[in-house]
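The values are calculated or read from the model by the stated rules, or taken from the named source; none is laboratory data. The structure displayed is predicted, hence computed values, not measured ones. All Cβ positions, glycine included, derive from the backbone under ideal geometry; neighbour counts span all protein chains shown.
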Amino acid sequence: MFGYREVKSIFKNILVPIDGSPASMRALDLALEFAMRDGAKITLIHVIIPPPNLTSQQAIEELKKSGESILEAAESKCKCFGLITKKILKIAEWNQSSVASEIYDEV
């Protein structure tokens, strides 16, 4: 009565926000499962929102280095599974409403 039906791929590109936390790494694991199943690409994004009182360019550079390190670790995990990834590192304004609209064309 019920036969096997092939499910079409629903994901082509999965956007995964990464902050290095255990929760974001679990989200990456789930995204990897979907990407492998559907043949999707993964786009990793790390957003830095410096506090409004942070004016030191050196401190911002340190935040960028930390973000790049987090993205590199996540990208390495994706490469272990042979998945194509893209990395995005954004520095957002404290009062900016949405990074999503800003990166829409990049994804």
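Data overview
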| quantity | calculated |
| --- | --- |
| Residue satisfying all of: in the range 17-31; assigned to a helix (DSSP H, G or I) and of a type outside the set (Gly, Ala, Ser); farthest from the chain's Cα centre (by Cα) among these | 22 |
| Lone qualifier among 43, 55 - being modelled with pLDDT of 85 or more and of a type in the set (S, T, N, Q) | 43 |
| Long-range neighbours under 8 Å by Cβ, at least six apart or interchain, first residue farther than 16 Å from residue 48 by Cβ within the range 72-94, second at pLDDT 90 or above and exposed (fewer than 12 other Cβ atoms within 10 Å of the Cβ) | 85/79 |
